[in-house]
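Take a look at the structure set out below.
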Amino acid sequence: MKPFIQVVSVLSCLIMAGGVLAGCSTKDPAKPTTAGGDKKVEGKKYTFRLADTHPPDYPTVIGDKKFADLVNERTNGRIKIDVFPSSQLGEEKAVIEQVQLGAIEFTRVSSGPLAEFNKNFGVFSLPYVFDSDQHLWKFLESDNGNKLLDSLESSKMKGLAYYSSGARNFYSRKPVTNLAELKGQKVRVIQNKINIDLMSALGANATPMAYGEVFSSLQTGVIDAAENNFPSYQSSNHYEVAKHMILDGHQRVPEVLLISQSAWNKLSEEDRKIVKQAAIDSVKTQRESWDKYEKDAEAKVRAAGVTITEVKDVKPWQDAVKPVIEKYRPEYKDVLEQIDAARKK
Ligand code: GTR
């Protein structure tokens, strides 16, 4: 190869990968190589990347690894998926953009940031639409839940499975023990427009921000509060700098495991089936890991001296956020009805 062409190819690789250097070696890992001759479709080998924001022992990453192992096993090592935890490949919004471009093949992200890329996923940011995890899972496992995953195709992605993420609660630097005390607090939210409306309805000021910036922003007082489930509150160490939690359970925002549409298009029909089934089969492992981790995380933060306020009556919270539901009801009418129907099942 002439030096000029080499330079151009390295440059275009950098541009394509959006600055993510891995994969810019002379061999492009996302390109198939053949073992056993070109005629054998089943001979195509791939090395893919899967991005997750959480640390290696976090339940979503446990799920990702199970998924990668199952794909590896079921393709006799032909399809290798390297899991990159701890936001090594970037924060969620940037990763989703890379997945849309095909520069990162897989990711596990929250439905929260996904809502900015596919409005259907905004329904999970609407407050108090699910009564419990059981209710949420009845919906996720229904045909309607699967249709929602399929709708990601219009956003250059393909939803493979949902993972557990529990309920989100507020936590703050200064005690917030009731709704009134949330008034005027600067609260970090996952960037999407519903979260901004939600905070205003609760009298707080929304500050959208990447997950990785929340710890230092709480520490330095750039924000007063944030909100998340117990596992994230604990694993991110936010509990060390925001020592007061109130269990209002305003949202249940499931996690989504997905593949870039361009990577999906490269796979044979048979490999697609393997990938999809492995994702579905990894859910059990993720949910078991979640149940345990959630309890352990709560115990750890309690042991560390965090003050936790139970909300005996959630009705004032639900009343306060009604305008948000009413604002978005026309947009989410059908899916809200499906969610209500899942409650009765
Ligand atoms: C967690 C979720 C992460 C991330 C984070 C956040 O619950 O698992 O993927 O979205 O919340 O608040 O940014």
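All of the numbers you see were taken from the coordinates with simple rules; none came from a lab. Computed from a prediction, not measured in an experiment: that's the story for all the values here. Methodologically, a virtual Cβ is constructed for each residue, glycine included, from the backbone with ideal geometry; neighbour enumeration extends over all protein chains shown.
Remark: the Asp281-Lys45 segment gains 82.8 nm on full extension, using 0.36 nm per residue and subtracting the alpha carbon distance. Taken over segment 209-303, the percentage of Cα pairs per 5 Å bin, counting from 0 up to the bin with the maximum distance, is 2, 10, 17, 16, 15, 12, 10, 9, 6, 3, 0. Its alpha carbons considered, segment 36-120 gives a radius of gyration followed by a Dmax of 14.4, 44 Å.
Label-to-label distance, Thr220 versus Ser142, with points set 7 angstrom from Cα along the beta-carbon direction: 4.6 nm.
Volume of the convex hull of the chain (Cα atoms only), normalised per residue: 140 Å³. For segment 118-199, the fraction of alpha-carbon pairs lying more than 22 Å apart is 38 percent, rounded to a whole number. Here segment 159-274 is treated as a Stokes sphere of Kirkwood radius computed over C-alpha pairs; at 37 °C and 0.692 mPa s its diffusion coefficient rounds to 210 µm²/s. Between the helical axis of 322-344 and the longest alpha-carbon principal axis of the chain there is an angle of about 70 degrees. Note on segment 76-116: Rg/Rh from C-alpha atoms, Kirkwood Rh, equals 1.01.
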